[in-house]
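> I'd like to ask some things about the structure below.
Derivation of every value follows stated rules applied to the coordinates shown; laboratory data play no part. Small disclaimer: the values here were computed from a predicted structure and weren't measured. Glycine gets a Cβ as well: all are built from the backbone with ideal geometry, and neighbour counts include every protein chain shown.
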Amino acid sequence: MVEIVREKIDFDKILQIVEDHGTGGAVIFVGRVRNHSDGRQVVRMEYEGYEKMAIVELRKIAESAKKRWPVKKLAIVHRLGMLELGEASVVIAVACAHRPQAFEACRFVIDMLKKTIPIWKKEFSPDGANWVDGVIPAQIHEEESIS
Amino acid sequence: MGTDLLRLEIENQQTVAEVIGEIKKQFPKLEKFEPALSYAVNDEYAKLDVKLKDGDELALLPPISGG
């Protein structure tokens with residue numbers, strides 16, 4: 001399941017999605033708003049996205065993860081809009097039969113997300129707001145280039 | 001770029017690069033950002049030589065910072 005939401009991320013729902021009695025480990029990554037960035041104080045963060053493409057790219061990451069690891073259940077939820085300190089901007093949950101696969105797949109998903117998903121964040125500090133320096137997206141969904 | 005809406009007549013089968021060239025004629029400031037831009041056609045990342053047809057959606061994407 002991949003989703004872009006504008007309200008608080010529903011952790012209970014994500015835990016339900018990754019429920020599976022054939023899985024011995026579920027790894028959950030929570031990305032959240034930190035109170036500092038490059039030595040600056042951060043008071044809140046705003047996320048914008050090119051939403052329909054972001055969904056397409058999230059689905060590709062989910063498919064890549066399933067090809068590379070025996071993933072039984074997977075959920076990726078990214079939130080957009082204005083977020084306060086500590087609030088979750090992204091949650092990734094991966095359930096596999098064994099924990100090493102789940103850790104590796106979860107790590108892969110968050111790393112790929114940061115390289116490919118068209119979402120942008122603006123930091124708000126006491127001195128004002130500025131768009132976070134981003135990365136040029138990697139176009140690396142072809143199997144040969146991510147191995 | 002200083003406007004919410006830009007109407008641009010382009011030829012069928014023009015490439016992404018050619019369309020960006022047309023936009024730059026009206027918005028020369030775009031040139032400054034060009035080295036950092038990526039492009040998408042119909043929600044897929046696209047290279048500059050991709051040809052556009054009627055109804056296609058071209059997106060100019062600045063460096064990304066999600067997560």
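> With the condition being β-branched (Val, Ile, Thr), I'd like the strands (runs of 3 or more DSSP E) fully within chain B carrying at least 1 qualifying residues.
By residue number, B:38-41.
> While we're on this one: So if I check each of A:Ser89, A:Ser64, which one is in contact (Cβ under 8 Å) with a residue 12 or more places away in the chain, among the hydroxyl-bearing types (Ser, Thr, Tyr) and closer than 19 Å to A:Ile9 by Cβ?
Checking each option against the conditions leaves just A:Ser89.
> A:Asp38: of a type outside the set (Phe, Trp, Tyr), at positive phi and without any contact (Cβ under 8 Å) to a residue 60 or more places away in the chain, yes or no?
yes
> Restricted to segment A:32-45, and to residues that are in a strand (DSSP E or B), within 13 Å of chain B (Cβ to nearest Cβ) and not hydrophobic (A, V, I, L, M, F, W, C), which residue is farthest from A:Val94 (Cα to Cα)?
Here the answer is A:Ser37.
> Here's another thing I want to ask about it. Specify the residue that is farthest from the chain's Cα centre (by Cα); the eligible residues are those in segment B:1-33 that are within 22 Å of A:Ile119 (Cβ to Cβ) and surrounded by fewer than 12 Cβ atoms within 10 Å (Cβ to Cβ).
Once the filter is applied, the top-ranked residue is B:Asp4.
> Restricting segment A:52-65 to residues that are at the interface with another protein chain (Cβ under 10 Å from one of its Cβ atoms) and not aliphatic (A, V, I, L, M), which is farthest from the chain's Cα centre (by Cα)?
The qualifying residue farthest from the chain's Cα centre (by Cα) is A:Lys52.
> Of all residues in segment A:1-31, count the ones that are assigned to a strand (DSSP E or B) and farther than 25 Å from A:Ile119 by Cα.
2
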